[in-house]
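Below is one structure; the comments refer to it alone.
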Amino acid sequence: MTIIEYFTAENKEHWLSEIEKCDWGAGQYLHYLLREHKLQTMVGETALVPMLVDGDKLVSFCTFAPLDDIQPTDLSPWIGFVYTFPEYRGHRYAGLLFDYAESIATIMEKEYIYISTGHTGVYEKYGYEFYKMLKDIEGGDSRVYRKALAEEGEDKERRLEKGAKWKAELVAAARKGVDMTAYCGFSCNHCFLGEWCGGCRSSFSCCSYGTLHDKGKCPNIACCEEKEIDGCYECSELDGCTKGFYQPDNDGANACKAQAMFIRKYGKEKFMRVHDKLHEVYDFKKTQEILGEDALEGLKILEEYM
């Protein structure tokens, strides 16, 4: 048996049909959310669906996301939609998925991981402790459990090692065939988050700026999607824009806008070639520093590397 992740799986249609076979109402709801591409809108852009599989058969699944059915809340991340098919029950297979989520959460430096449930005596055997009663999005009472991840020791070291491996696999799979030009004008290929994030157009977008906003949705992406454009570089309001990453008090605003202006003028292919040359000389932080004094001056610097 192996663990794969739905959004980065090669045969999503097959696994979607496998999820549909479950006899649980919440599982059917998860199937609907995945089919209609609504899960990440509901629980966060970095939502994952870890699946334990036996060949082409689905054994167990859950979600691992910034949110679950307790909203709004500052508690994060959450494991939700936990289900094991009847013929595989009694072996604690769900615990393998919990370990997957807990390991990635540990890599993310999270102190706790949470589960919302109406059950008692289920998650305790996996190391979860009752935390408090909270209201779910429908106004019902829910038992919230949590597991501590920050305590130093062998278990944390094991999670860090596993989490690093699983994270690298996620990023590699998420980046396959994806345009690495960020909506705002940055290059996801040259970003300091490259080892953690699949890129803002991927199924595993962990942009540090995006995660500051509601459900991890970057305002620049939301604006581009609303206007049905490929990126800010296609927008007629780019030069004077102060939305999202372009807010004047943002240290990277001018550097980002300079890059969007370059794409508008010369296209993505030349943009990536220039970035490759620029990063042969400077690291990411220094590149943003020299481009960030003024957007027009930053554009000129990029043109010098053509």
Dipole in debye (nearest 20) - the chain, about Cα centre, beta carbon charges: Lys, Arg +1; Asp, Glu -1: 320 debye
Just the accessible area per residue of the chain, please: how many Å² with a 1.4 Å probe? 50 Å²
To the nearest 10 degrees, the tilt of helix 268-281 (Cα long axis) against the first principal axis of the alpha carbons of the chain is 90 degrees
Work out from phi, with θ = phi - 60° and the Karplus expression 6.51 cos²θ - 1.76 cosθ + 1.60, the ³J(HN,Hα) of each residue of segment 97-114, listed in order in whole Hz, and give x for Gly and Pro. 6, 4, 4, 4, 5, 5, 5, 5, 4, 5, 4, 7, 6, 7, 7, 9, 10, 10
Quick one: Karplus J couplings for segment 162-178, per residue in order, coefficients 6.51, -1.76, 1.60, θ = phi - 60°, nearest Hz, x for Gly and Pro? 5, x, 4, 5, 5, 4, 4, 5, 4, 4, 4, 5, 5, 7, 4, x, 9
Let me spell out the model: positive unit charges on the Cβ of Lys and Arg, negative unit charges on the Cβ of Asp and Glu, origin at the Cα centre of segment 163-242. What dipole size does that give, in debye rounded to 20? 540 debye
Identify which of 31, 279, 190 has the largest mean-square fluctuation in a Gaussian network model of the chain, with springs joining Cα atoms closer than 10 Å. 279
Rounded to the nearest percent, how much of the accessible area of the chain (1.4 Å probe, protein heavy atoms only) is carbon and sulfur? 48 percent
Quick one: helix 295-304 against the long Cα principal axis of the chain, what's the angle to the nearest 10°, folded into 0 to 90? 80 degrees
Amide H within-cut-off set for residue 59, under 5 Å, with H built and near neighbours excluded: 52, 53, 54
Using a/c under 1.5 as the rounded threshold, could you call segment 48-129 rounded, prolate or oblate? The axes a ≥ b ≥ c are square roots of the C-alpha gyration tensor eigenvalues, and prolate needs a/b larger than b/c, oblate otherwise. prolate
Would you grab the residues whose amide H sits under 5 Å from the one on residue 76? Only those 5+ places off in sequence or on another chain, please, with H modelled 1.01 Å from N. none
Computed log₁₀ I(q)/I(0) - Debye formula, equal Cα scatterers, no solvent, segment 160-306, q 0.10, 0.11 Å⁻¹: -0.33, -0.40
Mind ranking 199-212, 141-154 by how tightly packed they are, going by the mean number of other C-beta atoms within 10 angstrom, highest first? 199-212, 141-154
Can you work out ³J(HN,Hα) from phi for every residue in segment 243-249, in order, using Karplus 6.51 cos²θ - 1.76 cosθ + 1.60 and θ = phi - 60°, giving whole Hz and x for Gly and Pro? 7, x, 5, 8, 4, x, 8
Rounded to the nearest 10 Å², what accessible area does residue 116 have for a 1.4 Å probe in the complete protein model? 20 Å²
Selected from 198, 252, 140 as most flexible by GNM, with the chain as the system and alpha-carbon contacts under 10 Å: 140
Sorted by chain and number, the residues with a modelled amide H under 5 Å from that of residue 199, at a separation of 5 or more or across chains, are 206
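The values are calculated or read from the model by the stated rules, or taken from the named source; none is laboratory data. Please read all numbers here as calculations on a predicted model, not as lab measurements. All Cβ positions, glycine included, derive from the backbone under ideal geometry; neighbour counts span all protein chains shown. Side chains included, ligands, DNA and RNA excluded: accessible areas come from the protein's heavy atoms. Shrake-Rupley method; radii C 1.70, N 1.55, O 1.52, S 1.80 Å.
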